[in-house]
1. Divide by every residue of the chain the summed helix terms, -39500 (n - 2.57) for each DSSP H run of at least 4, and state the resulting mean residue ellipticity at 222 nm, rounded to the nearest 500 deg cm²/dmol.
2. For the chain, compute the number of Lys pairs whose alpha carbons are separated by less than 25 Å, excluding pairs fewer than 8 positions apart on the same chain.
3. Calculate, in nm to one decimal, what R197 and S164 gain on full extension: separation in residues at 0.36 nm each, minus their alpha carbon distance.
4. Largest first, please: the extent of the C-alpha atoms of segment 134-209 along each principal axis, to the nearest Å.
5. At a temperature of 37 °C and a viscosity of 0.692 mPa s, determine how fast segment 78-218 diffuses translationally according to Stokes-Einstein, using the Kirkwood radius over alpha-carbon pairs as Rh; express D in µm²/s, rounded to the nearest whole number.
6. With point charges of +1 on the Cβ of Lys and Arg and -1 on the Cβ of Asp and Glu, referenced to the Cα centre of the chain, which listed residue (G25, L185, L66) lies farthest in the positive direction of the dipole?
7. With labels modelled as points extended 7 Å from the Cα through the Cβ direction, what inter-label distance (nm, one decimal) is found for D53 paired with R22?
8. So, counting K/R as plus one and D/E as minus one, what does the shell of residues with Cβ under 10 Å around H46 add up to?
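No value in this document is a laboratory result; all are computed from the given coordinates. Source: prediction; values computed, not measured. Backbone-built Cβ (ideal geometry, glycine too); neighbour counts: all protein chains shown.
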Amino acid sequence: MIEIRQLASQEDFANAVKLQQRIWGFAEIDLLPVRLFVVASKIGGHSFGAFDDGRMVGFCLAIPGLKAGGQTYLHSHMLGILPDYRDKGLGRKLKLAQREDAIARGVALMEWTFDPLELKNAYFNIERLGAIVRRYVFNQYGITTSHLHGGLPTDRCIAEWWLSDPRVDAVLAGRPAPHGDVRKLIAIPNNIGKLRRDDPASARAIQKRVGEEFTDGFREGLAAVGLERGEEASTYLLAPWPLK
């Protein structure tokens, strides 16, 4: 049995830092330090861990945010799970713990960034959690030391998770995410991970094309509301938001 609980002690926070090194392979300069976990826990953020017989095997961290006009939200900055524990539903359990805590404190929105080329992660965010995307950021974090980023610019989509929206309620209840009036498609080859390793120039060309297509769609007032998986490629579905 995996226990999901909020992180609270210095030992918990130190173990979360160690997991960053094991999961992403970051150099020390790119690690989130213990101090950030401490501060986040005291100013309205939170962090949760997944524990197998007392050993931390995954964690997530969120910090409070403030938008123009005074809207508060949580920015879920990092979620990671050890390789041997992936594909077991732990990511979903951690996100649901975040959602429960946020709703209990009156928070309506949680956001996070994700790499649009990481198709499995994108499917999880949009189709399994019910998040939507309306913003694209070029090279959000600069070139990092993680081998998972493949030396590419860290282009990111910003997921918006409207925690009590009917779309989210439907998805979490096991119903398909509604897509509405789909007006734009953005396809990414399923072998993009292999291209990152073996042909970074081709991967970069795809990344540039995808970034341009996303920004064009968002400029037209569309949002990414779905991701369909095919044999050769996965396709983002862009439609007006809110859905009519």
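1. Numbers: 7 runs with 78 residues, N = 244.
The helix contribution divided over the chain gives -9500 deg cm²/dmol.
2. Value for the chain: 19.
3. Details: separation 33, 0.36 × 33 = 11.88 nm, distance 3.92 nm.
Value of the extension gain: 8.0 nm.
4. Here the spans come out as 41, 23, 21 Å, largest first.
5. Values: Rh = 16.4 Å.
Calculated translational D: 200 µm²/s.
6. The Cα lying farthest towards the positive end belongs to L66.
7. 1.4
8. Values: positive: R105; negative: D101.
That sum, taken over residues with Cβ under 10 Å, equals 0.
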